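First, the structure itself, so that you have it in front of you.
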Amino acid sequence: MSNSTIKDKQGLTEEQFLEQYDVSKYDRPSVTVDMLILTIMDEEKENYRKLPEKKLKLLLIKRGEHPYIGQWALPGGFVGVNESIDAAAIRELKSETNIDNIYMEQLYTWGDPGRDPRTRVISCSYMALVDSTALKIKAGDDAADAAWFEFKYKIVQEHRTELEKGHQLERLIKIELVNELATLTATVKVTETVKNRSTRYSREIVDSQGIAFDHAVMMEYAIERLRNKLEYTDLAFSLVPELFTLTELQKVYEVILGKELLAAAFRRKIANMVIETEQYTRDAGHRPSQLFRFNPNWRYEK
């Protein structure tokens, strides 16, 4: 028997049910997309003999409309009724920043009832790592500006409480976003509750200065995900050029992880992820270093 002929408790087939279905039966919240576009840029040193320092940066847009007019936010916007969420993310990123044709992956869905002062809004966030030198950033019609901000992230407080059959760990995370236009700050409290072999996380904004909506929480979560993914994926290679030195690659890892790594241990870790070339750097003032390329088959090699 096909589904089209099966009747429900009211004696209706699926076709009959859909014909008389009342779409106003349930409230329908709006849906938005928000994009976290991250890159690593070189900060040139005054002394040309020193290697440039690398900085993790996040792309933000300055809101030109209410709510939060004048504050900085992640690029994003509303999903159309006849539009997929992925298509909306691509469209909004293009319209607000002029970025197109990049790979983005869904990060998390945010549904706190009070997260948007306009109405009930559920947001699906996306994350992408990009080579900023290949992009031409330009603010769209509904954004006053678009700019890269240095993204600083630090645990400033940590407190653990023992529970029956578990524990609760509270962390205060300080986020700072800096460029020549503005300095934005936020403090996010992350609570990890472990009980009866299950783990639950909650996040809340303790303080936010200049960052619109609940975007500080999305930023904190993105960094945590990014750090975790470095351990088992090749994500970091999207942040280096086609040919790179092992020192350059190590610096990318260190910037994202927020700590220095031992060179010997790092090189053992990524040994099967890179392929040697016969080319070397030719930078003035620096000793030539061997260049490598990414090994796309690293997962299948021992």
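The values are calculated or read from the model by the stated rules, or taken from the named source; none is laboratory data. Since the model is a prediction, treat every value here as computed from it, not as a measurement. Cβ atoms come from the backbone with ideal geometry, glycine included; neighbour counts cover every protein chain shown.
Would you mind stating whether residue 42 is over 20 Å from residue 82 (Cα atoms) and either surrounded by fewer than 10 Cβ atoms within 10 Å (Cβ to Cβ) or of a type outside the set (A, V, I, L, M, F, W, C) (or both)?
On the way: over 20 Å from residue 82 (Cα atoms): yes; either surrounded by fewer than 10 Cβ atoms within 10 Å (Cβ to Cβ) or of a type outside the set (A, V, I, L, M, F, W, C) (or both): yes.
Yes, satisfied.
Considering each residue of region 203-247, count those that are in a loop (DSSP other than H, G, I, E, B) and modelled with pLDDT under 95, and give that number. Can you show your working first?
Going residue by residue through region 203-247, those that are in a loop (DSSP other than H, G, I, E, B) are 210, 212-214, 231-234, 240-243, 245.
Pick out the ones that are also modelled with pLDDT under 95 and you get 231-234, 240-243, 245.
The total comes to 9.
Can you tell me which of 105, 96, 92, 19 is out of contact with any strand residue (DSSP E or B) (no Cβ under 7 Å at 6 or more places or on another chain) and over 30 Å from residue 281 (Cα atoms)?
On the way: 105 fails: out of contact with any strand residue (DSSP E or B) (no Cβ under 7 Å at 6 or more places or on another chain); 96 fails: out of contact with any strand residue (DSSP E or B) (no Cβ under 7 Å at 6 or more places or on another chain); 92 fails: out of contact with any strand residue (DSSP E or B) (no Cβ under 7 Å at 6 or more places or on another chain).
Testing whether each residue is out of contact with any strand residue (DSSP E or B) (no Cβ under 7 Å at 6 or more places or on another chain) and over 30 Å from residue 281 (Cα atoms) leaves just 19.
While we're here: Just to be sure before I move on: is residue 194 in contact with a Lys or Arg (Cβ under 7 Å, 6 or more places away or on another chain) and within 30 Å of residue 164 (Cα to Cα) in the structure I sent?
Numbers: in contact with a Lys or Arg (Cβ under 7 Å, 6 or more places away or on another chain): no; within 30 Å of residue 164 (Cα to Cα): yes.
So residue 194 fails the test.
In region 248-290, how many residues are at pLDDT 90 or above, surrounded by 13 or more Cβ atoms within 10 Å (Cβ to Cβ) and closer than 19 Å to residue 152 by Cα?
So the answer is 9.
Does residue 98 satisfy the condition of being assigned by TED's automatic domain parsing to the domain that holds residue 209, over 15 Å from residue 33 (Cα atoms), out of contact with any Asp or Glu (no Cβ under 8 Å at 6 or more places or on another chain) and not hydroxyl-bearing (Ser, Thr, Tyr)? Before the answer, list the steps.
Working: assigned by TED's automatic domain parsing to the domain that holds residue 209: yes; over 15 Å from residue 33 (Cα atoms): yes; out of contact with any Asp or Glu (no Cβ under 8 Å at 6 or more places or on another chain): yes; not hydroxyl-bearing (Ser, Thr, Tyr): yes.
Considered against the rule, which asks whether it is assigned by TED's automatic domain parsing to the domain that holds residue 209, over 15 Å from residue 33 (Cα atoms), out of contact with any Asp or Glu (no Cβ under 8 Å at 6 or more places or on another chain) and not hydroxyl-bearing (Ser, Thr, Tyr), residue 98 comes out as yes.
Step by step: first the residues of region 160-182, then only those that are touching a Phe, Trp or Tyr at 6+ places or on another chain (Cβ under 7 Å) and in a strand (DSSP E or B), then the one that is farthest from residue 71 (Cα to Cα). Which residue is that?
Checking each candidate, the answer is 173.
Got a sec? Which of 116, 131, 100 is acidic (Asp, Glu) and exposed (fewer than 14 other Cβ atoms within 10 Å of the Cβ)? Spell out the reasoning first.
On the way: 116 fails: exposed (fewer than 14 other Cβ atoms within 10 Å of the Cβ); 131 fails: exposed (fewer than 14 other Cβ atoms within 10 Å of the Cβ).
Selected residue: 100, the only one of 116, 131, 100 that is acidic (Asp, Glu) and exposed (fewer than 14 other Cβ atoms within 10 Å of the Cβ).
Can you confirm whether residue 86 is part of a helix (DSSP H, G or I) and either of a type outside the set (A, V, I, L, M, F, W, C) or in the same structural domain as residue 202 (by TED's automatic domain parsing) (or both)?
yes
Right, next: Among the residues of region 149-162, write down those that are of a type outside the set (Asp, Glu), surrounded by 14 or more Cβ atoms within 10 Å (Cβ to Cβ) and either in contact with a Lys or Arg (Cβ under 7 Å, 6 or more places away or on another chain) or not assigned by TED's automatic domain parsing to the domain that holds residue 203 (or both).
If we filter region 149-162 for residues that are of a type outside the set (Asp, Glu), which is where we start, we get 149, 151-157, 159-161.
With the extra rule that they be surrounded by 14 or more Cβ atoms within 10 Å (Cβ to Cβ), the set shrinks to 149, 151-153.
Once the filter is applied, which keeps residues that are of a type outside the set (Asp, Glu), surrounded by 14 or more Cβ atoms within 10 Å (Cβ to Cβ) and either in contact with a Lys or Arg (Cβ under 7 Å, 6 or more places away or on another chain) or not assigned by TED's automatic domain parsing to the domain that holds residue 203 (or both), region 149-162 yields 149, 151.
With respect to residue 185, is the statement that it is in a strand (DSSP E or B), under 21 Å from the mean Cα position of the chain (by Cα) and either farther than 20 Å from residue 112 by Cα or touching a residue at least 60 places away in the same chain (Cβ under 8 Å) (or both) true?
Here the answer is yes, as residue 185 does meet what is asked.
Could I ask something else about it? From (1) over 27 Å from residue 252 (Cβ atoms); (2) touching a helix residue (DSSP H, G or I) at 6+ places or on another chain (Cβ under 8 Å); (3) surrounded by fewer than 17 Cβ atoms within 10 Å (Cβ to Cβ), pick out the condition that doesn't hold for residue 165.
Condition not satisfied by residue 165: (2).
Which residues, counting only those in region 263-302, are touching a residue at least 60 places away in the same chain (Cβ under 8 Å) and under 32 Å from the mean Cα position of the chain (by Cα)?
294, 298 - these are the residues of region 263-302 that are touching a residue at least 60 places away in the same chain (Cβ under 8 Å) and under 32 Å from the mean Cα position of the chain (by Cα).
Got a number for residues in region 12-27 being surrounded by 10 or more Cβ atoms within 10 Å (Cβ to Cβ) and either of a type in the set (Val, Ile, Thr) or within 16 Å of residue 120 (Cβ to Cβ) (or both)?
Here the count works out to 1.
Return only the number of the condition from (1) in contact with a helix residue (DSSP H, G or I) (Cβ under 8 Å, 6 or more places away or on another chain); (2) loosely packed, with under 14 Cβ neighbours inside 10 Å; (3) assigned by TED's automatic domain parsing to the domain that holds residue 179 that residue 206 does not satisfy.
(1)
Confirm whether residue 259 is free of Cβ contacts under 8 Å to residues at least 60 places away in the same chain and in a helix (DSSP H, G or I). Break it down stepwise before answering.
Working: free of Cβ contacts under 8 Å to residues at least 60 places away in the same chain: yes; in a helix (DSSP H, G or I): no.
The answer is no for residue 259.
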